[in-house]
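K.L.:
First the structure, then my questions, so here it is.
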Amino acid sequence: MAILVTGGAGYIGSHMVWTLLDAGEQVVVLDRLSTGFRWAVAPEARFYLGDVADADVLKTIFIENDIEAIIHFAGSAVVPVSVADPLSYYDNNSGKTRALMSAAIDAGVRHFVFSSTAAVYGPQKTTDPVKEDASLNPENPYGQSKLMTEFMLRDAAAAYDFNYVALRYFNVAGADPKGRAGQSTAGATHLIKVACEAALGRRDSVSVYGIDYPTHDGTGVRDYIHVSDLAEAHLKALQHLRRGRGSLVANCGYGAGYSVLDVLNMVTRLHGHSFKIHMAPRRPGDSASVVADSTLAHRVLEWTPQYDSLETIVRSALDWELFLMDRNVDDLQGIHRVLAAAAF
Ligand SMILES: NC(=O)c1ccc[n+]([C@@H]2O[C@H](COP(=O)([O-])OP(=O)(O)OC[C@H]3O[C@@H](n4cnc5c(N)ncnc54)[C@H](O)[C@@H]3O)[C@@H](O)[C@H]2O)c1
């Protein structure tokens, strides 16, 4: 039986594909390549180009493969764009997931793992680690569109022979320690990626929004989770569903935060070159500190992170950025040749 990974050509999805293959699973990828890259998909995975709401593509996938579970990463994930164009986010993140769930349930696929986000909680008033039962108050259409999907999953699991795990990711960063995948998104807004690009001279400066927060150095604190640990959490979620242990919503983070300046200092220290930092006012809706309480994922999914260190995360992100700079990322064959030749 095979696992269908939607969005498997994107940042997190491409790591998931490697994690599944490493675990001996058969993998099918569905991606429309709106932000992902065909070359980012491991050659051992079977690739379908298409939209997650395209009934014909889904029918073909379900006929040609014995799909046991879906791990659903496909979606839109840029908060300011969701504010400027909310209906496109409700369409791609909520509406199209509904279509995918419906096709999956009709085809008898019982297990579904979903990419949710800490954005479902909204701004935090305290700096305490956030638990799953915190109030759900998304500040933007992105968080709202993901929360709507969580509600659809909950209701579908109550009504049909269907179960799910929704993982609420905190700040995902880093790259595959074996160098096979990383974040390649053009114009990415994630701090660690942006800082690595600046260190390598691919950006002029990095903006720091807010230096007067009640944190150890005045800048915002976030919980950065290594993308490979996150992929491992999905594998654990899949095993949880296979064992019939029921649906679950769980946070994925390390429970410890680093400030914006901690991150920038780490990038400078590891790369050896400083870059321009632009101090800017706070952005509306940003919290001083957002850190996960992931006790549930540790206890119920038996998830044990391996790369829980800012230095490890930043080092892998820098290595990937250097790789991207050295290669022509449009050259699929060239990239696969390089990856195949690398000593993993
Ligand atoms: N990166 C983070 O820090 C973060 C945090 C929380 C949640 N998430 C969620 O994780 C998921 C993956 O995020 P990412 O950072 O890898 O993003 P990404 O943009 O790199 O990957 C998304 C992939 O989905 C594909 N896609 C989008 N809409 C599609 C559709 N309708 N049909 C088929 N393919 C489609 C894109 O082409 C891309 O390959 C998203 O759902 C995102 O909301 C990400």
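The values are calculated or read from the model by the stated rules, or taken from the named source; none is laboratory data. This is a predicted model, so every value here is computed, not measured. Neighbour counts run over all protein chains shown; Cβ positions are idealised from the backbone, glycine included. The area values use the complete protein model at the heavy-atom level, side chains included, leaving out ligands, DNA and RNA. Shrake-Rupley method; radii C 1.70, N 1.55, O 1.52, S 1.80 Å.
K.L.:
Could you work out what % of the accessible surface of region 2-343 is carbon and sulfur, using a 1.4 angstrom probe and leaving DNA, RNA and ligands out of the count? Show your work: numbers first, answer last.
P.N.:
Numbers: 7270 of 14770 Å².
Ligands and nucleic acids excluded, carbon and sulfur give 49 percent.
K.L.:
Could you size up the charge dipole of region 207-264 around its Cα centre, putting +1 on the beta carbon of Lys and Arg and -1 on that of Asp and Glu, and report it in debye to the nearest 20?
P.N.:
On the way: 5 positive and 6 negative charges, 122 e Å.
Value, rounded to 20: 580 debye.
K.L.:
Answer rounded, prolate or oblate for region 24-125, using the Cα gyration tensor with square roots of eigenvalues a ≥ b ≥ c: rounded when a/c is under 1.5, else prolate when a/b is larger than b/c, else oblate.
P.N.:
Numbers: a/c = 1.80, a/b = 1.62, b/c = 1.11.
In terms of gyration-tensor shape, prolate.
K.L.:
Given the C-alpha atoms of region 193-308, compute the convex hull and give its volume per residue in Å³.
P.N.:
Working: hull volume 14.0 nm³, N = 116.
In region 193-308, the Cα hull volume divided by residue count equals 121 Å³.
K.L.:
In region 221-265, what trypsin sites (Lys or Arg not before Pro) fall in a loop by DSSP, with at most 16 other Cβ atoms inside 10 Å? The partial results should precede the final answer.
P.N.:
Details: sites: R222, K236, R242, R243, R245; in loops: R243, R245.
Here the sparse-neighbourhood loop sites are R243, R245.
K.L.:
List the trypsin sites (Lys or Arg not before Pro) in region 113-169 that DSSP assigns to loop (not H, G, I, E or B) and whose Cβ has at most 13 other Cβ atoms within 10 Å. Which are they?
P.N.:
Working: sites: K125, K131, K146, R154, R168; in loops: K125, K131.
Listed in order of number, the matching sites are K125, K131.
K.L.:
Ok, one more. Based on the Cβ-Cβ distance of E311 and Q239, what FRET efficiency does E = 1/(1 + (r/R0)^6) give at R0 = 25 Å, to the nearest 0.05? Let's see the in-between values first.
P.N.:
Numbers: r = 30 Å, r/R0 = 1.18.
That gives a FRET efficiency of 0.25.
K.L.:
Write down the percent of antiparallel bridges among all DSSP beta bridges whose residues are both part of region 2-343, to the nearest 5. Let's see the in-between values first.
P.N.:
On the way: 2 of 43 bridges.
So the antiparallel bridges amount to about 5 percent of the total.
K.L.:
Residues of region 131-186: accessible area per residue at 1.4 Å, in Å²? Provide the component values of the computation, followed by the final result.
P.N.:
Working: 2310 Å² over 56 residues.
For region 131-186, the solvent-accessible area averages 41 Å² per residue.
K.L.:
Let me ask something else. Could you check the simple spin-label distance between D128 and T185, using points 7 Å along Cα→Cβ, in nm with one decimal?
P.N.:
3.1 nm
K.L.:
So, one more: Which one, A23, A45, A107, has the greatest fluctuation when you compute a Gaussian network model over the chain with C-alpha springs under 10 angstrom?
P.N.:
Fluctuation is largest for A23.
K.L.:
When the Karplus curve 6.51 cos²θ - 1.76 cosθ + 1.60 is applied with θ = phi - 60°, which whole-Hz ³J(HN,Hα) does each residue of region 248-256 get, with x for Gly and Pro?
P.N.:
After applying 6.51 cos²θ - 1.76 cosθ + 1.60, I find 7, 10, 9, 6, 10, x, 9, x, 9 Hz.
K.L.:
What residues qualify as long-range amide H neighbours of S247, i.e. H under 5 Å apart, gap of 5 or more or another chain, H built at 1.01 Å from N?
P.N.:
Y164
K.L.:
Still on this structure, please answer the following. If you build a Gaussian network model of the chain, linking Cα atoms that sit under 10 Å apart, which residue out of N163, N171, N65 swings the most?
P.N.:
Looking only at N163, N171, N65, the largest GNM fluctuation is found for N65.
K.L.:
Normalised by the number of residues in region 198-330, what is the relative contact order in percent for Cα pairs under 8 Å and 6+ residues apart?
P.N.:
On the way: 180 pairs, mean separation 49.5, N = 133.
With pairs under 8 Å counted, the relative contact order is 37 percent.
K.L.:
Let me ask another. Using a 1.4 angstrom probe on the protein heavy atoms only, line up S274, S82 by accessible area, largest first.
P.N.:
On the way: S274 95, S82 0 Å².
The residues order as S274, S82, largest area first.
K.L.:
While we're here: Which pairs in the list K59/K96; K59/K193; K146/K236 are over 27 Å apart, alpha-carbon to alpha-carbon? Before the final figure, lay out the partial values.
P.N.:
Working: K59/K96 15 Å; K59/K193 37 Å; K146/K236 21 Å.
Correct reply: K59/K193.
K.L.:
Please give the length that would be gained between R283 and M1 if that part of the chain were fully extended, namely 0.36 nm times their separation in residues minus their C-alpha to C-alpha distance (nm, one decimal).
P.N.:
Numbers: separation 282, 0.36 × 282 = 101.52 nm, distance 4.66 nm.
Going from the current span to full extension adds 96.9 nm.
K.L.:
Using only the Cα atoms of the chain, construct the convex hull and provide its projected area averaged over every direction, in square nanometres to one decimal. Each step should come with its number before you reach the end.
P.N.:
Values: hull surface 65.3 nm².
Mean orientational projected area (the chain, Cα hull): 16.3 nm².
K.L.:
Per residue of region 10-16, in order, report the coupling 6.51 cos²θ - 1.76 cosθ + 1.60 (Karplus, θ = phi - 60°) as ³J(HN,Hα) in whole Hz, putting x for Gly and Pro.
P.N.:
Residue by residue, region 10-16 yields x, 4, 6, x, 5, 5, 4 Hz.
K.L.:
Could you give each residue of region 312-321 its phi-based ³J(HN,Hα) in whole Hz, using Karplus coefficients 6.51, -1.76, 1.60 with θ = phi - 60°, and x for Gly or Pro?
P.N.:
Result, ordered by residue: 5, 5, 5, 4, 5, 5, 5, 4, 5, 5 Hz.
K.L.:
Let me ask you something else. Using a 7 Å offset from the Cα along the Cα-to-Cβ direction at both A158 and H298, what is the distance between the two label points in nm, to one decimal?
P.N.:
About 3.1 nm, to one decimal.
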